[in-house]
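Everything on this sheet refers to the single structure shown next.
The values are calculated or read from the model by the stated rules, or taken from the named source; none is laboratory data. Note that this is a predicted model, so its numbers are computed, not measured. Cβ: placed from backbone, ideal geometry, glycine included. Neighbour counts: every protein chain shown.
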Amino acid sequence: MDHRPLLILTAVTLEGQRLASLLKIGRGGRGPASWRGSYRGRSIAIVAMGVGAAEFPRALEDWRDFAGVSAPSPLDPPRPGGIILAGLAGGLVAQFALGAVVIDEVCGPPAYMVSLREIVGKIHSSRTVVGTPAQKAQLAAETRAVAVEMERDVLRRHLADLGWDTLPFMHVRGISDGPEESVDPAIVGLVDPIGRVKPGRLAGALLRRPSLVGDLHRLGRNAGIAADRAAHAVQALLDCGWPEGLTATTVG
(Lines give C-alpha, C1' and ligand atoms only; values in the text may rest on other atoms or scores of the structure.)
Protein backbone atom coordinates (compact mmCIF):
# COMPACT_ATOMS: atom_id res chain seq x y z
CA MET A 1 0.00 0.00 0.00
CA ASP A 2 1.22 3.50 -0.90
CA HIS A 3 1.34 5.59 2.28
CA ARG A 4 2.27 8.88 0.63
CA PRO A 5 -0.05 11.82 1.48
CA LEU A 6 -2.93 12.67 -0.81
CA LEU A 7 -3.28 16.09 -2.44
CA ILE A 8 -6.82 17.44 -2.85
CA LEU A 9 -7.11 20.56 -5.01
CA THR A 10 -10.05 22.95 -5.20
CA ALA A 11 -10.53 26.24 -7.02
CA VAL A 12 -11.83 28.44 -4.19
CA THR A 13 -11.73 28.54 -0.42
CA LEU A 14 -15.41 27.60 0.06
CA GLU A 15 -14.83 24.23 -1.60
CA GLY A 16 -11.76 23.55 0.52
CA GLN A 17 -13.42 24.72 3.74
CA ARG A 18 -16.47 22.47 3.34
CA LEU A 19 -14.30 19.43 2.60
CA ALA A 20 -11.86 20.16 5.42
CA SER A 21 -14.73 20.59 7.87
CA LEU A 22 -16.30 17.28 6.82
CA LEU A 23 -13.01 15.40 7.13
CA LYS A 24 -12.16 17.27 10.38
CA ILE A 25 -8.92 18.63 8.91
CA GLY A 26 -7.60 21.93 10.29
CA ARG A 27 -6.18 24.99 8.60
CA GLY A 28 -2.46 24.87 7.93
CA GLY A 29 0.28 25.94 5.58
CA ARG A 30 1.72 29.27 4.54
CA GLY A 31 -1.03 30.31 2.18
CA PRO A 32 -4.52 31.62 2.92
CA ALA A 33 -6.32 28.58 1.54
CA SER A 34 -4.77 25.32 2.70
CA TRP A 35 -5.70 22.66 5.22
CA ARG A 36 -3.64 19.77 6.61
CA GLY A 37 -4.44 16.66 8.60
CA SER A 38 -5.30 13.00 8.27
CA TYR A 39 -8.39 10.96 7.48
CA ARG A 40 -8.69 7.23 8.11
CA GLY A 41 -4.96 7.13 8.80
CA ARG A 42 -3.95 8.83 5.53
CA SER A 43 -2.23 12.24 5.55
CA ILE A 44 -4.08 14.76 3.41
CA ALA A 45 -3.40 18.28 2.18
CA ILE A 46 -6.26 20.36 0.78
CA VAL A 47 -5.25 23.45 -1.20
CA ALA A 48 -7.29 26.02 -3.15
CA MET A 49 -5.43 26.81 -6.37
CA GLY A 50 -7.70 29.53 -7.79
CA VAL A 51 -10.33 29.69 -10.49
CA GLY A 52 -8.82 28.33 -13.69
CA ALA A 53 -5.93 26.99 -11.57
CA ALA A 54 -4.55 30.54 -11.69
CA GLU A 55 -2.63 30.11 -8.44
CA PHE A 56 -1.29 26.60 -8.97
CA PRO A 57 2.35 27.68 -8.37
CA ARG A 58 1.36 28.96 -4.92
CA ALA A 59 -0.60 25.77 -4.26
CA LEU A 60 2.49 23.76 -5.21
CA GLU A 61 4.52 25.74 -2.66
CA ASP A 62 1.96 24.84 0.00
CA TRP A 63 2.26 21.19 -0.98
CA ARG A 64 6.06 21.35 -0.86
CA ASP A 65 5.88 22.90 2.59
CA PHE A 66 3.41 20.22 3.75
CA ALA A 67 5.82 17.53 2.60
CA GLY A 68 8.66 19.16 4.54
CA VAL A 69 10.83 19.86 1.52
CA SER A 70 12.60 23.18 1.09
CA ALA A 71 13.40 24.24 -2.47
CA PRO A 72 15.69 23.50 -4.15
CA SER A 73 15.85 19.78 -3.44
CA PRO A 74 16.30 16.52 -5.36
CA LEU A 75 12.82 15.69 -4.07
CA ASP A 76 11.34 19.00 -5.18
CA PRO A 77 8.43 18.67 -5.33
CA PRO A 78 7.64 15.28 -3.70
CA ARG A 79 5.00 13.19 -5.44
CA PRO A 80 1.69 12.69 -3.63
CA GLY A 81 0.05 9.27 -3.45
CA GLY A 82 -2.85 10.55 -5.53
CA ILE A 83 -4.61 13.76 -6.58
CA ILE A 84 -8.28 14.64 -6.26
CA LEU A 85 -9.74 17.70 -8.00
CA ALA A 86 -13.03 18.66 -6.37
CA GLY A 87 -15.40 21.60 -6.40
CA LEU A 88 -18.29 23.30 -8.17
CA ALA A 89 -19.49 23.01 -11.74
CA GLY A 90 -22.32 24.18 -13.95
CA GLY A 91 -24.84 21.62 -15.16
CA LEU A 92 -25.44 21.38 -18.90
CA VAL A 93 -28.35 18.91 -19.08
CA ALA A 94 -31.59 18.52 -17.16
CA GLN A 95 -30.54 15.72 -14.79
CA PHE A 96 -27.57 17.77 -13.61
CA ALA A 97 -29.35 20.45 -11.63
CA LEU A 98 -28.44 22.06 -8.31
CA GLY A 99 -26.98 19.56 -5.85
CA ALA A 100 -26.24 16.78 -8.33
CA VAL A 101 -22.78 15.23 -8.27
CA VAL A 102 -20.77 14.18 -11.31
CA ILE A 103 -17.57 12.15 -11.40
CA ASP A 104 -15.51 12.75 -14.52
CA GLU A 105 -15.73 9.84 -16.95
CA VAL A 106 -11.97 10.09 -17.61
CA CYS A 107 -11.45 8.75 -14.07
CA GLY A 108 -12.79 5.29 -14.73
CA PRO A 109 -15.77 3.18 -15.83
CA PRO A 110 -19.18 3.68 -14.17
CA ALA A 111 -19.27 0.12 -12.85
CA TYR A 112 -16.99 0.67 -9.90
CA MET A 113 -18.79 3.87 -8.87
CA VAL A 114 -22.19 2.24 -8.35
CA SER A 115 -21.65 1.74 -4.63
CA LEU A 116 -21.11 5.49 -4.23
CA ARG A 117 -24.48 6.29 -5.86
CA GLU A 118 -22.94 9.00 -7.96
CA ILE A 119 -23.20 9.72 -11.67
CA VAL A 120 -20.24 9.35 -13.98
CA GLY A 121 -20.32 11.67 -16.97
CA LYS A 122 -18.32 13.85 -19.31
CA ILE A 123 -17.08 17.10 -17.80
CA HIS A 124 -15.96 19.87 -20.13
CA SER A 125 -13.14 22.17 -19.01
CA SER A 126 -13.64 25.72 -20.31
CA ARG A 127 -11.31 28.71 -20.43
CA THR A 128 -14.19 31.13 -19.87
CA VAL A 129 -17.37 31.33 -17.81
CA VAL A 130 -20.29 29.49 -19.44
CA GLY A 131 -23.07 31.40 -17.73
CA THR A 132 -26.30 31.59 -19.74
CA PRO A 133 -28.80 28.83 -20.55
CA ALA A 134 -28.14 29.39 -24.27
CA GLN A 135 -24.37 29.00 -23.80
CA LYS A 136 -24.88 25.86 -21.74
CA ALA A 137 -27.22 24.31 -24.31
CA GLN A 138 -24.77 25.05 -27.13
CA LEU A 139 -21.85 23.57 -25.19
CA ALA A 140 -23.83 20.45 -24.35
CA ALA A 141 -24.74 19.98 -28.01
CA GLU A 142 -21.16 20.52 -29.21
CA THR A 143 -19.37 18.41 -26.60
CA ARG A 144 -21.98 15.99 -25.19
CA ALA A 145 -20.71 17.02 -21.76
CA VAL A 146 -23.04 17.05 -18.75
CA ALA A 147 -21.14 19.66 -16.71
CA VAL A 148 -18.60 22.43 -17.17
CA GLU A 149 -15.76 23.75 -15.01
CA MET A 150 -12.54 25.75 -15.52
CA GLU A 151 -9.66 23.95 -13.81
CA ARG A 152 -9.10 20.38 -15.02
CA ASP A 153 -7.30 20.96 -18.32
CA VAL A 154 -5.02 23.66 -16.91
CA LEU A 155 -4.23 21.45 -13.92
CA ARG A 156 -3.43 18.47 -16.11
CA ARG A 157 -0.91 20.52 -18.06
CA HIS A 158 0.78 21.57 -14.83
CA LEU A 159 0.86 17.99 -13.60
CA ALA A 160 2.33 16.78 -16.87
CA ASP A 161 5.08 19.39 -16.59
CA LEU A 162 5.90 17.98 -13.14
CA GLY A 163 5.95 14.40 -14.38
CA TRP A 164 2.90 13.66 -12.25
CA ASP A 165 0.70 12.47 -15.11
CA THR A 166 1.03 8.83 -13.98
CA LEU A 167 -0.38 9.53 -10.51
CA PRO A 168 -3.85 8.28 -9.52
CA PHE A 169 -6.33 11.05 -10.34
CA MET A 170 -10.00 11.63 -9.44
CA HIS A 171 -12.25 14.51 -10.49
CA VAL A 172 -15.48 15.22 -8.57
CA ARG A 173 -17.93 18.10 -9.00
CA GLY A 174 -21.10 19.32 -7.30
CA ILE A 175 -23.52 21.23 -9.50
CA SER A 176 -24.09 24.82 -8.32
CA ASP A 177 -26.15 26.05 -11.28
CA GLY A 178 -28.32 23.95 -13.57
CA PRO A 179 -28.79 24.27 -17.32
CA GLU A 180 -31.66 26.76 -16.99
CA GLU A 181 -29.85 29.00 -14.47
CA SER A 182 -27.66 31.97 -15.31
CA VAL A 183 -24.42 33.08 -13.69
CA ASP A 184 -23.80 36.81 -14.03
CA PRO A 185 -20.19 37.30 -15.25
CA ALA A 186 -20.08 40.55 -13.26
CA ILE A 187 -20.22 38.53 -10.03
CA VAL A 188 -17.01 36.71 -10.93
CA GLY A 189 -15.17 40.03 -10.87
CA LEU A 190 -16.25 40.67 -7.27
CA VAL A 191 -13.98 37.97 -5.85
CA ASP A 192 -10.27 37.19 -6.09
CA PRO A 193 -8.94 33.97 -7.71
CA ILE A 194 -9.57 31.87 -4.58
CA GLY A 195 -13.07 33.24 -4.02
CA ARG A 196 -12.51 35.95 -1.40
CA VAL A 197 -14.75 39.00 -1.77
CA LYS A 198 -13.17 42.26 -2.92
CA PRO A 199 -14.96 44.78 -0.64
CA GLY A 200 -14.37 47.82 -2.83
CA ARG A 201 -15.66 46.19 -5.98
CA LEU A 202 -18.61 44.69 -4.13
CA ALA A 203 -19.65 48.06 -2.72
CA GLY A 204 -19.37 49.72 -6.11
CA ALA A 205 -21.33 46.97 -7.84
CA LEU A 206 -24.16 47.14 -5.30
CA LEU A 207 -24.39 50.92 -5.68
CA ARG A 208 -24.75 50.52 -9.42
CA ARG A 209 -27.01 47.47 -9.30
CA PRO A 210 -28.82 46.95 -5.98
CA SER A 211 -30.57 43.94 -7.52
CA LEU A 212 -27.26 42.06 -7.27
CA VAL A 213 -28.04 41.42 -3.60
CA GLY A 214 -30.56 38.76 -4.55
CA ASP A 215 -28.23 37.21 -7.12
CA LEU A 216 -25.37 37.08 -4.61
CA HIS A 217 -27.58 35.47 -1.97
CA ARG A 218 -28.75 32.81 -4.43
CA LEU A 219 -25.24 32.18 -5.69
CA GLY A 220 -23.85 31.83 -2.17
CA ARG A 221 -26.60 29.46 -1.07
CA ASN A 222 -26.28 27.29 -4.16
CA ALA A 223 -22.49 27.23 -3.97
CA GLY A 224 -22.72 25.99 -0.38
CA ILE A 225 -25.10 23.20 -1.37
CA ALA A 226 -22.89 22.09 -4.25
CA ALA A 227 -19.68 22.29 -2.21
CA ASP A 228 -21.23 20.10 0.49
CA ARG A 229 -22.33 17.52 -2.08
CA ALA A 230 -18.88 17.41 -3.67
CA ALA A 231 -17.28 17.09 -0.22
CA HIS A 232 -19.45 14.11 0.69
CA ALA A 233 -18.59 12.43 -2.61
CA VAL A 234 -14.88 12.85 -1.89
CA GLN A 235 -15.40 11.45 1.60
CA ALA A 236 -17.16 8.43 0.08
CA LEU A 237 -14.20 7.85 -2.22
CA LEU A 238 -11.79 7.98 0.70
CA ASP A 239 -14.03 5.67 2.73
CA CYS A 240 -13.75 3.15 -0.11
CA GLY A 241 -9.96 3.33 0.16
CA TRP A 242 -9.20 5.45 -2.90
CA PRO A 243 -6.80 5.22 -4.63
CA GLU A 244 -5.96 1.66 -3.57
CA GLY A 245 -9.53 0.55 -2.95
CA LEU A 246 -10.81 1.50 -6.41
CA THR A 247 -9.28 1.22 -9.84
CA ALA A 248 -7.24 4.41 -10.10
CA THR A 249 -7.08 6.36 -13.34
CA THR A 250 -3.94 8.39 -13.99
CA VAL A 251 -3.84 12.05 -14.93
CA GLY A 252 -2.63 11.55 -18.47
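On the given criteria, is A160 surrounded by fewer than 23 Cβ atoms within 10 Å (Cβ to Cβ) and in contact with a Leu (Cβ under 6 Å, 6 or more places away or on another chain)? Considered against the rule, which asks whether it is surrounded by fewer than 23 Cβ atoms within 10 Å (Cβ to Cβ) and in contact with a Leu (Cβ under 6 Å, 6 or more places away or on another chain), A160 comes out as no. Exactly one residue out of L155, L139 is out of contact with any Gly (no Cβ under 8 Å at 6 or more places or on another chain), in contact (Cβ under 8 Å) with a residue 40 or more places away in the chain and under 16 Å from C107 (Cα atoms): that is L155. Inspection of the range 142-151 finds a residue satisfying the criterion of being within 20 Å of A59 (Cβ to Cβ) and not hydrophobic (A, V, I, L, M, F, W, C). Candidates in the range 30-58 are the residues that are part of a strand (DSSP E or B) and hydrophobic (A, V, I, L, M, F, W, C); of these, the one that is farthest from L14 (Cα to Cα) is I44.
Taking each residue of the range 192-212 that is under 23 Å from L88 (Cα atoms) and looking for partners that are modelled with pLDDT under 85 and of a type in the set (V, I, T) with beta-carbon atoms closer than 7 Å, six or more apart or interchain, yields V197/V191; K198/V191. Screening G121 against (1) crowded, with 18+ Cβ neighbours inside 10 Å; (2) at pLDDT 95 or above leaves a single unmet condition, (2).
From the set of residues in the range 130-152 that are out of contact with any Lys or Arg (no Cβ under 8 Å at 6 or more places or on another chain) and closer than 18 Å to L85 by Cβ, which is surrounded by the fewest Cβ atoms within 10 Å (Cβ to Cβ)?
R152
Checked against the criterion of being modelled with pLDDT of 95 or more and in contact with a strand residue (DSSP E or B) (Cβ under 9 Å, 6 or more places away or on another chain), the candidates A59, A97, A33, A86 yield just one match: A86. Assess whether L246 counts as being at negative phi, crowded, with 18+ Cβ neighbours inside 10 Å and at pLDDT 85 or above. Judged against the criteria, L246 is not a match.
Within the range 14-29, being small (G, A, S) and not in a loop (DSSP other than H, G, I, E, B) holds for G16, A20, S21, G26.
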